[in-house]
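Right, one structure below, let's go through it.
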């Protein structure tokens, strides 16, 4: 009989806010270009150019957001981003001139770009160990369910209200951000650790010098290109290579969204039965690669079997997404030291932003050479990402690699989070059998530390890493401003 999973502090408000946020986002994503054209009156070509430039400029908000999380706390930054995005959508109907629209679009895009790293940092503050993986899977399921519901709601408003329906979509979407902010206010998190030495927090140079983490970011970039295949590559491939109607994209999106919404939590629970996040994420990447190879081989199928093959491979692709995403997300959070988690996660999120930016030009360029070529490139990239994850396994901290590291329980309200900054043993030093056997949960024995340093916990039988930790500083007990602590979109 499966043991009942306990909620972490603030989980209900976190999930409720994410659901409301996702419903609002889902209301405009399917109609984005038409949406902006109807509420601003600007030409579509101009809107497309502005949104592209705004997206590129907004990438600069990611490192700023990471700095802000480390400086002010993820809860406060997350709340500010909700308000920024809500005000942006309230202002879009006023952006009838090009400069006004460009300004509002850039500010709104900056809030959207900075949000994922802030959200993940919040999950890192709220949960430890396998509870992080569980929250990652749950938030992804909730997000997909909200996006689907928002799309249906927007379709109804547009159908009933015509052009005025698009204005209603903008207002309702803005309202969802403000409602999500109210849920965010109700979240109270344990105090994150701070530096006892009084030395300044490490900057982005220290992040870039952390070769295991930059390797993790590179692996994610190679795999993240595959996440853009569903929205960018598959519809064009179906139309240009098989003369299928453009409307085929709708059912394919519906299958993916439904599976992510309803199967995400069960698949995530199954993944947590295996001890190492690196291996679970690598398996997800290899499933991606298998699906991409299948799409490349569709060229040789009879026409009557193409649609069935696309749907079957889409299911396989979605399974890879559900296996990879929670473990990869929890790995990125757990591998980042607490005192610089915002900067680390902002760097990691650049891999997602770059892959989404490069995907359209990369895929269309490869399609002009050969219809199978983009799928083969994606298969090779996913496989390389999986290999890199496995190669990094012994270089990453043990508490990042293993889902059941010592102390991996939800922190008590007002308590301290896990001691992330002291010596962190390498994954290869973790006791127990690796791979398919679940690592037994046990209490860690505290290492002896000087009076000025925080007490570190390492797995029983394991060893701690260097006293200075990854950033070369001594970590002290947590004494943050309580209002700065916090709870993806």
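Values computed for the structure shown
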| read-out | value |
| --- | --- |
| Residue list for the stretch 119-136, restricted to those being farther than 14 Å from residue 9 by Cβ and either touching a helix residue (DSSP H, G or I) at 6+ places or on another chain (Cβ under 6 Å) or assigned to a loop (DSSP other than H, G, I, E, B) (or both) | 120, 121, 129, 133, 136 |
| Unique residue being surrounded by fewer than 22 Cβ atoms within 10 Å (Cβ to Cβ), within 21 Å of the chain's Cα centre (by Cα), assigned to a helix (DSSP H, G or I) and assigned by TED's automatic domain parsing to the domain that holds residue 163 when the list is 112, 100 | 112 |
| Qualifying residue in the stretch 337-349 (condition: assigned to a loop (DSSP other than H, G, I, E, B), farther than 19 Å from residue 275 by Cα and not assigned by TED's automatic domain parsing to the domain that holds residue 58) | yes |
| Condition check for residue 269: farther than 25 Å from residue 380 by Cβ, at pLDDT 90 or above, in the same structural domain as residue 398 (by TED's automatic domain parsing) and within 21 Å of the chain's Cα centre (by Cα) | no |
| Subset of the stretch 26-53 (residues that are surrounded by 21 or more Cβ atoms within 10 Å (Cβ to Cβ) and under 30 Å from residue 260 (Cα atoms)) | 26, 27, 28, 35, 36 |
| Test: residue 295 is surrounded by 23 or more Cβ atoms within 10 Å (Cβ to Cβ) and closer than 26 Å to residue 252 by Cβ | yes |
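Conditions tested, residue by residue: (1) touching a strand residue (DSSP E or B) at 6+ places or on another chain (Cβ under 6 Å); (2) surrounded by fewer than 19 Cβ atoms within 10 Å (Cβ to Cβ); (3) in a helix (DSSP H, G or I); (4) modelled with pLDDT under 90.
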| site | (1), (2), (3), (4) |
| --- | --- |
| 224 | no, no, yes, no |
| 238 | no, no, yes, yes |
| 248 | no, yes, yes, yes |
| 255 | no, yes, yes, yes |
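The values are calculated or read from the model by the stated rules, or taken from the named source; none is laboratory data. No experiment lies behind these values; they were computed from the predicted model shown. Methodologically, a virtual Cβ is constructed for each residue, glycine included, from the backbone with ideal geometry; neighbour enumeration extends over all protein chains shown.
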